[in-house]
Structure formats: structure tokens, C-alpha cells
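Engineer: Handing you a structure now.
Readers should treat all values here as calculations from the given coordinates under stated rules, not as data from a laboratory. Here the structure is a predicted model, which is why all the values come from computation and not from measurement. Cβ placement follows ideal geometry from the backbone for every residue including glycine, while neighbour counts extend to all protein chains displayed.
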Amino acid sequence: MKTAALDLTRRQFLSRMTTGFTGVALADLLNNDILGATGSGSVEKRRTGQPQFRPKAKQVLQIFCPGAASHLDLWDYKAELNKRDGQLLPGEEDFSSFQGKNGPLMRSPWPFVQVGRSGKRISSMLPHMARHVDDMAFIHSMTSKTNTHGPGCIFMNSCFTREGFPTAGAWTSYALGSLNDNLPTFVAIQDVRGEPPNGKANWSNGFLPAQHQAVAMAAHNPLRNLARPLEIGSEEELATRDFLALINSRHAERHPGESELRARMEAYELAARMQLAAPRVRDLALESAFTHTFYGTDDANPLKAAYARNCLLSRRLLEAGVRYVSLYCASRASSVDGLLNWDAHRTLKADYERHFPIFDQPTAALLDDLKQRGMLEDVLVLWTTEFGRMPTRQAATQGRDHNPDAFTCWMMGAGVRGGVSHGATDDFGRRSVTDVCSAYDFYATVMHLLGLDHENVTYYHNGADRRLTDVHGHVIQDILG
């Protein structure tokens with residue numbers, strides 16, 4: 001007697017085999033999801049929502065200047081570059097960078113001045129930021145893995161040059177959870193000029209559960225759909241919420257591994273709570289006239305005023321308990337280099353004389369406000385950009401090309417030792433040469449200040465325990481207070 005299997009044609013056999021393997025794969029995925037939901041497998045090895053040791057910081061404010069803000073024109077003074085202006089870069093006379101051949105060395109168009117008790121030299125175009133230098137820890141030896149803006153921004157936010165990986169704010173949300181039930185854990189505040197290079201990938205949750213993605217917000221963009229329709233009464237709304245919560249909880253119990261479903265439910269519930277909390281937090285009219293003038297929200301420059309309002313919104317969000325705030329100053333590149341962000345390829349002097357005033361007063365006011373309110377006891381402030389710029393001028397231009405081999409970032413606030421400079425570039429600012437750092441070391445340090453061991457905050461994905469710092473990273477001990 002023939003079996004049914006022997007009666008199969010070749011086409012039927014291949015068809016059923018494919019279906020069978022799909023079932024095996026699906027069963028394995030469901031098993032992993034269920035293990036992750038119950039905490040009994042390797043998907044989630046540690047209890048989230050709590051630091052692993054005593055934290056120095058509880059919240060993070062990350063100020064990001066997209067376009068590769070030039071370390072040589074903001075923070076990294078080079079006497080030799082001034083002295084040898086107009087000469088060829090020794091050893092790299094014929095060097096070609098991102099946009100082609102480089103010309104001679106180019107000093108900064110503006111003098112650097114000594115400021116603070118530490119005597120740190122920074123650009124004279126940052127008179128307001130100068131008053132905070134003694135609270136900052138500069139990391140002058142940063143390096144990147146790419147010289148392209150989109151991948152560079154993503155790398156500086158997620159430690160990966162490809163999209164699809166969680167950003168630092170998402171990892172912080174996953175590891176520590178919320179400080180406030182009525183507001184998002186992670187907020188990204190976009191500049192009025194638009195999103196940064198690669199857009200929403202800069203605040204993505206990647207493969208982490210969807211609730212860890214940032215909520216995009218800005219002073220110039222009102223949150224939509226927060227108000228209750230006039231035809232629906234408050235009692236009806238509350239009863240509807242309770243009924244939906246019952247249905248959703250039962251559905252979630254039947255599908256314990258569906259993180260996207262849980263994230264959607266949590267997002268709706270958060271949106272309901274935000275109907276009361278968010279409008280008040282976003283209401284900048286509650287601030288005094290002095291505060292608005294101090295930040296510059298009433299400035300005649302509309303770009304500066306818009307950024308100042310975002311700075312003020314950042315303080316209000318942190319004050320209300322948002323765990324991680326990403327604040328952007330500038331946006332994507334435009335068809336005119338340096339117009340919308342810090343990407344000054346051709347006319348650095350004119351470009352930066354637009355950007356310095358937008359950045360300087362509002363950012364310094366935000367730092368003053370945090371300090372005066374005692375919030376820097378808990379808030380860690382980061383200043384970042386995606387990479388640096390060349391000490392040379394691009395051939396036939398008055399601008400600088402991309403330089404992934406050297407740039408500056410800084411930290412201040414909770415747990416940071418102020419008035420110090422870690423690492424160094426060479427005499428011209430071309431390459432990081434002393435205590436060389438990368439995004440891996442930067443975020444290993446951030447996580448340490450948040451009470452987390454960066455090697456032990458992991459999430460199982462595609463057969464590996466993934467982490468923010470990949471397989472790299474060391475805490476920068478010199479800048480810890």
C-alpha cells in the first residue's frame with residue numbers, strides 16, 4: 001500500500017516543505033516572544049526599570065548640532081593652525097576628503113578667548129556659552145566611523161551607521177523606564193528648520209519594543225488630537241477608556257509576545273493621560289516675561305526665537321519628569337551648504353555667523369535655568385555633533401570639508417567633573433591622537449552615570465544579545481566627578 005507521502009508530486013513536496021519550515025520558524029519566534037514576556041528566557045536577562053548601581057544622573061538632555069559643527073571653530077583651539085595659516089598640511093599635501101581635494105590650512109575666522117577659572121579657550125562667537133565652561137567636561141578626541149551626515153548622525157545617536165538599531169534615548173527608556181506616567185519617557189525636539197539628516201532614525205527604538213521610540217515634539221508643532229471632541233462628555237470618555245482597557249488587557253493576555261500590540265495600547269493610554277499633562281507642559285505662556293527675554297524667545301531673528309522656545313520647552317519637559325530629551329539645533333542639509341545646518345563647505349564665516357547667534361544665547365540660558373533650579377543635580381547634559389571638519393579649506397573655497405578623524409563633544413551636570421578637557425587632537429586638529437574616543441566610549445560613560453553597566457544592558461535580537469555599545473566601549477573615567 002502506498003503512503004500519501006509517496007503520492008506527492010515534486011511541486012507539492014516543495015510547497016509543503018516551505019510551509020513546514022515557516023511553521024517551525026514561527027513557533028521559534030513565538031517561543032522567544034513568550035519567554036521574553038515571562039522573563040524566563042534569555043530575551044531579557046535583567047529587570048528593567050531600575051539602575052544596576054547608584055546613579056549620578058536620572059535624566060539626560062542631549063543637544064545635537066547636525067551638519068558636523070566644526071571643533072576648530074567652536075571648542076578646540078590650535079595655536080599652530082593660526083601660525084601656519086595658508087600653508088599646506090604637512091604630510092597630507094594632496095589629501096582628498098569627502099568632497100575632493102583640500103587646499104591649504106585655514107585658521108578660524110574668529111579669535112579664541114580664555115574664559116572661566118579654568119582659562120579654557122573657546123570661540124569668541126560664544127560669549128553666552130563661555131560662562132558655563134567651568135562646568136563642562138570636553139572630550140576633544142572623538143572619532144566617527146563615517147564621513148557622511150546621515151550615517152554619522154545615526155552613529156552618534158545609536159553607535160551604528162545603519163538604520164534599525166535603537167538610539168541612546170530608546171535604550172535609556174528600555175533600561176530605566178519612565179519618571180512620569182503622564183508624559184513620554186523619551187522626547188525628540190526638532191528644529192523649526194526641519195528634521196536632522198536621516199530623520200526619525202535618530203530617535204528610533206530599532207528592535208526594542210515600540211514604546212521606547214521617542215515622541216517627536218516641538219514648540220512650533222502643536223500636539224494633534226489631544227482635545228476631546230465637544231460632543232463627547234467626560235463621563236462617557238472615562239467609561240469608554242475603562243471598557244477599552246478591559247478588552248485590551250484580555251487581548252494582551254492571549255498574545256503575550258506581541259510587543260507592537262502592547263506598545264500601541266500603551267501609546268493610546270499615554271495619549272489619554274497627555275490630554276491633561278502635555279498642554280500645560282507645552283504652554284510657554286506660563287513662563288515670565290523675564291524668562292522669555294533671557295532665553296531669547298522674543299528675538300527678532302525667527303530662527304533664534306524658535307530654537308529658544310524649544311530650549312524652554314526642554315527645561316519644562318525635564319522638570320515634568322521626561323527621562324531623555326533630544327534637542328536639535330539645525331536640520332538637514334539644503335541645496336545651499338551651511339544654510340540649514342552646520343555643514344559649512346564653501347562659506348564657513350558667513351554660515352557660522354548665522355548659526356552662532358541662534359545657538360549661543362538660548363542654549364546658555366537653558367543651562368543657566370537648569371543650574372539655578374538645582375536640576376543639574378539629576379540632569380546630565382550632552383552636546384554632540386556627528387563628526388568634525390578639516391583644518392584645511394576645501395580647494396577653491398572658504399569652507400571646511402568633513403573630518404571623521406577628530407571632533408569635540410562635551411558633558412556637564414550630574415556626575416560630571418567640570419572644567420576639564422579629555423583627549424587631544426594633533427597640532428592642527430586633523431586627527432585625534434591622545435586618549436582617542438568614539439561614540440562607544442561616550443555612551444558607556446553616559447550609561448555609567450545613569451547607574452548602568454553598558455555591557456549588561458542587552459536585548460536579544462536575531463540570535464544575539466545586542467547592546468547600545470555593540471562590543472566596544474570604555475567609561476571615560478577622567479571626566480567623572
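Engineer: Hey, what do the phi angles of the range 62-68 turn into as Karplus ³J(HN,Hα) couplings, whole Hz, using 6.51/-1.76/1.60 and θ = phi - 60°, x for Gly and Pro?
Structural biologist: Along the range 62-68, the couplings run 10, 9, 10, 10, x, x, 6 Hz.
Engineer: Here's another thing I want to ask about it. What does the charge count around residue 85 come to, taking other residues whose C-beta lies under 14 Å from its C-beta (Lys +1, Arg +1, Asp -1, Glu -1)?
Structural biologist: Within the 14 Å Cβ shell, the charges total +4.
Engineer: Using the Karplus equation 6.51 cos²θ - 1.76 cosθ + 1.60 (θ = phi - 60°), what ³J(HN,Hα) coupling, rounded to whole Hz, does each residue of the range 76-85 give in order, writing x for Gly and Pro?
Structural biologist: Each residue of the range 76-85 in turn: 10, 6, 10, 5, 5, 5, 4, 5, 10, 3 Hz.
Engineer: Round to the nearest 0.05 the FRET efficiency obtained for residue 162 and residue 396 when R0 = 41 Å and r is the Cβ-Cβ distance. The partial results should precede the final answer.
Structural biologist: On the way: r = 34 Å, r/R0 = 0.83.
The value I calculate is 0.75.
Engineer: In the neighborhood of residue 450, defined by Cβ-to-Cβ distances under 13 Å, what is the net charge if each Lys or Arg adds +1 and each Asp or Glu adds -1?
Structural biologist: Neighbour charge sum, excluding residue 450 itself: +2.
Engineer: Can you give the FRET efficiency for residue 424 and residue 251, using 1/(1 + (r/R0)^6), R0 = 60 Å, r = Cβ-Cβ distance, to the nearest 0.05?
Structural biologist: Working: r = 57 Å, r/R0 = 0.95.
E between residue 424 and residue 251, to the nearest 0.05, is 0.60.
Engineer: Hey, rough spin-label estimate for residue 474 and residue 85, points 7 angstrom out along Cα→Cβ, what's it come to in nanometres?
Structural biologist: Once both label points are built, they end up 3.8 nm from each other.
Engineer: At a 10 angstrom cut-off on C-beta neighbours, averaged per residue, how do the peptides 173-182, 70-79, 244-253, 94-103 rank from highest to lowest?
Structural biologist: My ranking of the peptides, most packed first, is 70-79, 173-182, 94-103, 244-253.
Engineer: Cβ neighbours within 10 Å, averaged per peptide: list 152-159, 230-237, 80-87 in order, most packed at the top. Kindly include the intermediate steps, with their values, before the conclusion.
Structural biologist: Numbers: 152-159: 26.8, 230-237: 9.1, 80-87: 14.2.
Averaged packing, sorted descending, gives the order 152-159, 80-87, 230-237.
Engineer: Another one. Which of 329, 437 comes first, and how do the rest follow, when ranked by fewest Cβ neighbours within 10 Å?
Structural biologist: 437, 329
Engineer: At a 10 angstrom cut-off on C-beta neighbours, averaged per residue, how do the peptides 123-131, 473-481 rank from highest to lowest?
Structural biologist: 123-131, 473-481
Engineer: Give me, ordered by chain and number, the residues 5 or more places off residue 326 or on other chains with an amide H under 5 Å from its own placed amide H.
Structural biologist: Long-range HN contacts for residue 326: 62, 187, 188, 189.
Engineer: Apply the Karplus curve 6.51 cos²θ - 1.76 cosθ + 1.60, θ = phi - 60°, to the phi angles in the range 461-470 and return the couplings in whole Hz, x for Gly and Pro.
Structural biologist: Each residue of the range 461-470 in turn: 8, 6, x, 9, 7, 7, 8, 4, 8, 6 Hz.
Engineer: Quick check: pseudo-label points 7 Å beyond the Cα along Cα→Cβ at residue 94 and residue 230, how many nm apart are they?
Structural biologist: 7.5
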